[in-house]
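Okay, structure first, notes after.
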Amino acid sequence: MYELQVEGMSCGHCASTVTKLVKQLDQGAKVEVDLAGKKVKVESGIAPGEIAEALTEGGYPARAA
């Protein structure tokens, strides 16, 4: 499991969108969104950089924490 710092998340819709973006890359991924901390924990075989890139392209600038 790794953690990403994600900007632009402020509501449940944002959390749902971020989760969907991760699951488009890996349907079996486990995703935990912390809106207050602006963090997303992901358990996946996909590299953190790829997940961060997908989130950034989806409108949520992300980087490995």
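FYI, it's all coordinate maths here, none of it is from the lab. All values reported here derive from a predicted model rather than from experimental measurement. Cβ coordinates were reconstructed from backbone atoms using ideal geometry, including for glycine residues, and neighbour counts include every protein chain displayed.
Worth a mention:
- Tail beyond 16 Å, pair distance distribution of the chain (Cα, percent): 29 percent
- Percent RCO, i.e. relative contact order, over the chain, from Cα pairs under 8 Å lying at least 6 residues apart: 46 percent
- Estimated 222 nm signal from helices in the chain, with DSSP H stretches of n ≥ 4 weighted -39500 (n - 2.57), rounded to 500: -11500 deg cm²/dmol
- For residue 7, net neighbour charge (Lys/Arg +1, Asp/Glu -1) across residues whose Cβ lies under 11 Å away: +3
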